[in-house]
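> If you scroll down you'll find the structure; I have some questions about it.
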Amino acid sequence: MNFIIISPHFPPNFQNFSHRLRANGVNVLGIGDEPYENLSDELKGSLGEYFRVDSLENLDEVKRAVAFLFYKHGPIGGLESHNEYWLMLDAKLREQFNIPGLRPDDLLKFKYKSRMKKYFKEAGVPVLDGYVIKNDADFKKVVEEISYPFVAKPDNGVGAGGTFKIENEADANDFLAKWDRSIEYFIEPYVEDGLLCTYDGIVDLDGNIIFETGLYHTIPTLELVRDQLDLAFIVKSDLDPKIVEYGRAAVKAFGMKGRFFHIEFFKRADGSYIAIEYNNRVTGGYAIDVYNHAFAIDLYDIYARMVEGEKIPKIAKAPHNALGLSQRDIYNYCHYEDDIRAKFGDRVKEASRAEKAFASIQGDFKYIITTDDVNEIDQIIDFVHKHKED
């Protein structure tokens, strides 16, 4: 089987997709804009061929790369980037070269935040109604209909990029001053008591969920980025049955196959959930590695075996709780890596610098720590995040 990975070098932990595919007998072909000499030796060893392009934004150039690899290696059995930014590029290439998987029209249901609402509602999953705005008149009408605070974000956007929390008239004017009118925005009420949590997993080639989990953030994402706060997210061994119910219903409604999924919710103070977005990809950053340590599995390998056609039995619940935590260079902490390793021993599974591209959200130095005691979670967070001036 020939399998193309778009931008196989980034982020570094996603290079494991190439490694595991190769280990399972797949001929992995890479297309990226990074010079070949800059690729790690391990990645070079996993790629049957690498075609460098000047820009992945240039669709014609990338099409020529796929055409060359197709001509040289034969039919392509799969193509992925595992990156939300390149989802449409992936789909266009599959359509052009008749590669199995999603086509551009398939992306519409979850590329646009406004369209996701329909599928969540059909699945019986709670959502907040929102408004698409195309011009100043639309925005003025929305302001008249809903009260502050509310959130404005690109209807077709990636992550939290371009998101505004609008709490008053001054914020509204700031948004209007910064808004590129060529970009349609989606507006919905801000959930004051909502903390981000997710229902994540994998559906096999028949659409069956073979892995399910989720994470809980401790700080609202907008505040985390705006105030450069310390990141902590938690993977609990036991999932809330309610989010499982909603998550499974959403997966069925969106009808995906052979893919990771990452569904975002707000959990409110009363324990209720509101669906935010369905993301048709693996959870970003190093969350997949936190899942691996919580479950004591290798999701990169499970994915590789799945796309090769192996029937994967459903993964059992996680034996451990796990945390992803960060420290930021702008703060002085009471405890750094040596202290943290001395305190938690071999339960510190990873400790390393974070990718600069993710630093505004994830922080500058990341940790993955496991615990079998759910009551220890807050103690771990407090120990890692305690500032000297506290």
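The values are calculated or read from the model by the stated rules, or taken from the named source; none is laboratory data. Every value quoted in this text rests on a predicted model; they were computed, and no experiment measured them. In this analysis, Cβ positions are derived from the backbone assuming ideal geometry, glycine residues included, and neighbour counts consider all displayed protein chains. Remember, those area values only see protein heavy atoms, side chains included, never the ligands or the DNA or RNA. Shrake-Rupley method; radii C 1.70, N 1.55, O 1.52, S 1.80 Å.
> Can you tell which of Phe261, Phe266 is within 25 Å of Ile380 (Cβ to Cβ) and within 16 Å of the chain's Cα centre (by Cα)? I'd like the intermediate steps shown before the answer.
Working: Phe261 fails: within 25 Å of Ile380 (Cβ to Cβ).
Checking each option against the conditions leaves just Phe266.
> On to the next question. In this structure, is Asn173 open to solvent by 50 Å² or more (accessible area, probe 1.4 Å), touching a helix residue (DSSP H, G or I) at 6+ places or on another chain (Cβ under 6 Å) and either closer than 25 Å to Leu224 by Cα or small (Gly, Ala, Ser) (or both)? If you could, list the steps in order and put the result at the bottom.
Values: open to solvent by 50 Å² or more (accessible area, probe 1.4 Å): yes; touching a helix residue (DSSP H, G or I) at 6+ places or on another chain (Cβ under 6 Å): no; either closer than 25 Å to Leu224 by Cα or small (Gly, Ala, Ser) (or both): yes.
No; evaluated as a whole, the condition is false for this residue.
Table: residues versus (1) among the hydroxyl-bearing types (Ser, Thr, Tyr); (2) surrounded by fewer than 18 Cβ atoms within 10 Å (Cβ to Cβ).
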position: Asp204; (1), (2): no, no
position: Gly214; (1), (2): no, no
position: Thr218; (1), (2): yes, no
position: Leu224; (1), (2): no, no
position: Gln228; (1), (2): no, yes
position: Val235; (1), (2): no, no
position: Pro241; (1), (2): no, yes
position: Glu245; (1), (2): no, yes
position: Arg248; (1), (2): no, yes
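> Another one. Of all residues in the range 14-46, which are touching a helix residue (DSSP H, G or I) at 6+ places or on another chain (Cβ under 6 Å) and touching a residue at least 60 places away in the same chain (Cβ under 8 Å)?
Asn16, Phe17, His19, Arg20, Leu21, Asn24
> For the range 227-247, which positions are basic (Lys, Arg) and in contact (Cβ under 8 Å) with a residue 40 or more places away in the chain? Lay out the reasoning, then the answer.
At the first step, the residues of the range 227-247 found to be basic (Lys, Arg) are 236, 242.
Across the range 227-247, the qualifying residue is only Lys236.
> Restricting attention to the range 72-97, and to residues there that are polar (S, T, N, Q) and surrounded by fewer than 21 Cβ atoms within 10 Å (Cβ to Cβ), which single residue is nearest to the chain's Cα centre (by Cα)?
Across the range 72-97, the extreme among qualifying residues is Asn83.
> Just to be sure, is Lys113 among the basic types (Lys, Arg), at negative phi and buried (at least 17 other Cβ atoms within 10 Å of the Cβ)?
yes
> Of the conditions (1) farther than 12 Å from Asn321 by Cα; (2) surrounded by 14 or more Cβ atoms within 10 Å (Cβ to Cβ); (3) out of contact with any helix residue (DSSP H, G or I) (no Cβ under 9 Å at 6 or more places or on another chain), Gly345 satisfies every one except a single condition; which number is it?
Condition (2) is where Gly345 drops out.
> Further question on the same structure: How about the range 342-374: which of its residues are more than 20 Å from Ile234 (Cβ to Cβ) and either assigned to a strand (DSSP E or B) or not aliphatic (A, V, I, L, M) (or both)? Walk me through how you get there before you give the answer.
Of the residues in the range 342-374, the ones more than 20 Å from Ile234 (Cβ to Cβ) are 342, 353, 355-357, 359-360, 364.
Across the range 342-374, the qualifying residues are Arg353, Glu355, Lys356, Ser360, Asp364.
> For residues in the range 50-71 being open to solvent by 20 Å² or more (accessible area, probe 1.4 Å) and in contact with a Leu (Cβ under 9 Å, 6 or more places away or on another chain), which is nearest to His9 (Cα to Cα)? So that I can check it myself, show each step before the final result.
Of all residues in the range 50-71, those open to solvent by 20 Å² or more (accessible area, probe 1.4 Å) come to 50-52, 54-55, 57-61, 63-64, 67-68, 70-71.
Next, from what is left, pick out any that are in contact with a Leu (Cβ under 9 Å, 6 or more places away or on another chain): 50-51, 57, 59, 63.
Details: Tyr50: 11, Phe51: 12, Glu57: 16, Leu59: 19, Lys63: 19 Å.
Only one residue tops the list, namely Tyr50.
> Return the residues of the range 26-49 that are over 26 Å from Glu308 (Cβ atoms) and either exposed (fewer than 14 other Cβ atoms within 10 Å of the Cβ) or among the hydroxyl-bearing types (Ser, Thr, Tyr) (or both); say none if nothing qualifies. Walk me through it before giving the result.
So in the range 26-49, the residues over 26 Å from Glu308 (Cβ atoms) come out as 33-38.
Residues satisfying the conditions are Pro35, Tyr36, Glu37, Asn38.
> I would also like to ask the following. From the residues in the range 374-390 that are touching a strand residue (DSSP E or B) at 6+ places or on another chain (Cβ under 8 Å) and more than 17 Å from His217 (Cα to Cα), which one is most open to solvent (accessible area, probe 1.4 Å)?
In this case the residue turns out to be Lys388.
> Still on this structure: Taking Gly194, is it of a type outside the set (D, E, K, R) and either under 18 Å from the mean Cα position of the chain (by Cα) or modelled with pLDDT of 90 or more (or both)?
Numbers: of a type outside the set (D, E, K, R): yes; either under 18 Å from the mean Cα position of the chain (by Cα) or modelled with pLDDT of 90 or more (or both): no.
So Gly194 fails the test.
> When the range 119-148 is examined, which residues are found to be surrounded by fewer than 16 Cβ atoms within 10 Å (Cβ to Cβ) and within 24 Å of Tyr85 (Cβ to Cβ)?
Within the range 119-148, Val132, Lys134 qualify.
> Hey, another quick one. So Ser114 fits all but one of (1) part of a helix (DSSP H, G or I); (2) under 24 Å from His9 (Cα atoms); (3) not charged (D, E, K, R); what number is the exception?
The number of the failed condition is (2).
> Would you mention how many residues in the range 355-372 are exposed (fewer than 13 other Cβ atoms within 10 Å of the Cβ) and modelled with pLDDT under 95? Break it down stepwise before answering.
From the range 355-372, those exposed (fewer than 13 other Cβ atoms within 10 Å of the Cβ) are 356-357, 372; that's our starting set.
Next, from what is left, pick out any that are modelled with pLDDT under 95: 356-357.
Within the range 355-372, residues that are exposed (fewer than 13 other Cβ atoms within 10 Å of the Cβ) and modelled with pLDDT under 95 number 2.
> Then there's this: When the residues of the range 98-109 are narrowed to those that are in contact with a strand residue (DSSP E or B) (Cβ under 9 Å, 6 or more places away or on another chain) and open to solvent by less than 40 Å² (accessible area, probe 1.4 Å), which ends up nearest to Asn279 (Cα to Cα)? Can you show your working first?
Of the residues in the range 98-109, the ones in contact with a strand residue (DSSP E or B) (Cβ under 9 Å, 6 or more places away or on another chain) are 99-102, 109.
Filter once more, so that each one left must be open to solvent by less than 40 Å² (accessible area, probe 1.4 Å): 99, 102.
On the way: Ile99: 21, Leu102: 13 Å.
Applying the filter and picking the extreme gives Leu102.
> Here is a further query. State the number of residues belonging to the range 317-338 that are more than 13 Å from Phe365 (Cβ to Cβ) and open to solvent by less than 70 Å² (accessible area, probe 1.4 Å).
Going through the range 317-338 one residue at a time, the tally reaches 6.
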